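Worksheet: the structure to be examined is printed underneath.
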Amino acid sequence: MTSTVFSSGTVIESPWLNDINAAIYTAIANVSGSPPNTTAQVVTNLSQAGGLATQNTVQTLTNKTLVAPILGTVTSGNISACTSTSMVMVTPVIGAATGTSLSTTGNQVISGTGKQGYATGSGGVVTQLTSKATGVTLSKSTGQITLNNAALAASTTVSFTLTNTVIEAGDILVMNHISGGTAGSYSLNAQSAAGSASINVRNISLGSLSEDIVIAFAVVKAVVS
C-alpha cells in the first residue's frame, strides 16, 4: 500500500482505513503467526516487522463523550466560524458607567417611576450678597441660588452673573422659583456663555418686592448642529 499524506480538512474514507488494518494485521501475522494477546506483544511484533516505530504505550479510549464547548468571556483574539442551533440573544443590562459619558443614537426611554437627572454630588448651593445684581459663583451642573432680599420694583428686571465652569456657550439653564418669597411673582431667564450665564429676574407683580427668593437651576447640554 502506498503512503499518503493528508492535509487539514481531508476526509479519510473507510476503504483506506481497511487497507491500513489489513497491512498492520499482515505485518503482525508475518512475525508471530497469530494475533498477539498482549500490548507488549503488539509492540514487539511491530518493531520486528519494521512497519512502524516502536511505541512505549498504547492508549485506549473508552466511552468518550464529545461535549459542546461553552463560550465564556473572551479576553483576546477573535472567535469566528462558530455555529449555534439554540442561540438566545438577551437584552444587555447597563449598570454603573465607568467612563465619562454615555452616547446613544436612539431614544432613552424611562419606564415606571424612574427619573432622568443628577446624582448626589452634582449639585450645590450659593447665597447672593449685597444686592440682586451681585454675581455668584457655583461650578455645578445643578444647584440653588438664594438671592439677596434687596427691593425689586414692580415690572422691573434685574440681572446678575452666575460663574459656572460647567456651562458652555449655547447650553440651556432650566430654572424655577422653588422657595422663598411670593410664588408666581417672578419670571426667570438666562443666557449662557463659556463658563458663565447671565440670569435675569423680573418682578411681574404690581408692587415692589424685597424677598430672598431661592432659584433652582439645572444645566442642559445643547448644540445648534
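The values are calculated or read from the model by the stated rules, or taken from the named source; none is laboratory data. What you are looking at is a predicted structure, and each value in this text was computed from that prediction instead of being measured. Using ideal geometry, Cβ is built from the backbone for each residue, glycine included, and neighbour counts are taken over all protein chains shown.
Descriptive notes on the structure:
- Checked against the criteria, ASN149 does not count as under 30 Å from VAL224 (Cβ atoms) and surrounded by 13 or more Cβ atoms within 10 Å (Cβ to Cβ).
- Of the strands (runs of 3 or more DSSP E) that lie entirely inside segment 114-194, those containing 1 or more residues that are aromatic (Phe, Trp, Tyr), over 14 Å from VAL219 (Cβ atoms) and modelled with pLDDT of 95 or more span 156-163, 186-193.
- In segment 152-180, the residues that are farther than 16 Å from ARG202 by Cβ reach residues that are of a type in the set (Ser, Thr, Tyr) and not in a strand (DSSP E or B) with C-beta atoms within less than 7 angstrom, at least six apart or across chains, in these pairs: ASN164/SER139; THR165/SER139; VAL166/SER139; VAL166/SER141.
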